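One structure below.
Values in this text are rule-based calculations from the coordinates and carry no lab data. Since we're looking at a predicted model, the values are computed, not measured. Ideal geometry is used to build each Cβ from the backbone, glycine not excepted, and the neighbour counts take in all protein chains shown.
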Ligand SMILES: CC(C)(COP(=O)(O)OP(=O)(O)OC[C@H]1O[C@@H](n2cnc3c(N)ncnc32)[C@H](O)[C@@H]1OP(=O)(O)O)[C@@H](O)C(=O)NCCC(=O)NCCS
């Protein structure tokens, strides 16, 4: 029998800054979500250099996270991830909207991201949030065999 879904009340879903102490929990979510996950060192570097790193905290449980860099008028969404048992409940959109609002408030004019063309769930999320394809980075991603291209998506951030 399938495990019951967690009882989630949106009111207790809180986006807060990622802390060093969160990294092992974030890494567990990352490792379960991706075939080629980021290393612990990448998350720690993102915190160290001051990227916008946020976790989705549901009653003390890390249900997802988002990471973004900003500079020269451009925001780069580097990672958006929701733990599998919390997916398809609007949390990915919530994290993405939070990051875009931060970028807009910081004066960024555009947001960019890379996504695997095979990641249809993420592409639908990004396109429904106003991102459009603007290019391809050849062989950007590790793949089971060889490399996979990345689609580059862009969204204008209105003032
Ligand atoms: C991509 C991801 C972050 C989406 O998070 P989520 O919380 O499940 O997404 P939401 O519930 O907020 O859904 C937002 C939109 O995304 C799209 N979407 C999400 N899951 C989908 C799925 N399984 N199939 C198709 N579209 C999907 C839909 O357009 C959805 O809008 P709708 O509900 O109005 O139709 C999540 O699937 C995930 O963490 N995947 C693994 C990590 C990953 O690939 N991250 C992106 C790297 S570029």
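Results, tabulated for the structure shown:
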{"read-out": "Count of the range 86-115 residues which are assigned to a helix (DSSP H, G or I), more than 8 Å from the ligand (Cβ to nearest atom) and surrounded by 15 or more Cβ atoms within 10 Å (Cβ to Cβ)", "value": "6"}
{"read-out": "Selected residue (criterion: farthest from the ligand (Cβ to nearest atom)) from residues of the range 120-159 that are crowded, with 16+ Cβ neighbours inside 10 Å and not in a strand (DSSP E or B)", "value": "157"}
{"read-out": "Residue in the range 12-29 that is part of a helix (DSSP H, G or I) and under 25 Å from residue 131 (Cβ atoms) present", "value": "yes"}
{"read-out": "Residue 42 being assigned to a helix (DSSP H, G or I) and either over 30 Å from residue 144 (Cβ atoms) or within 12 Å of the ligand (Cβ to nearest atom) (or both)", "value": "no"}
{"read-out": "Any chance residue 60 is out of contact with any strand residue (DSSP E or B) (no Cβ under 8 Å at 6 or more places or on another chain) and more than 9 Å from the ligand (Cβ to nearest atom)", "value": "yes"}
{"read-out": "Which numbered condition residue 31 fails, given (1) within 12 Å of the ligand (Cβ to nearest atom); (2) over 23 Å from residue 153 (Cα atoms); (3) in contact (Cβ under 8 Å) with a residue 12 or more places away in the chain", "value": "(3)"}
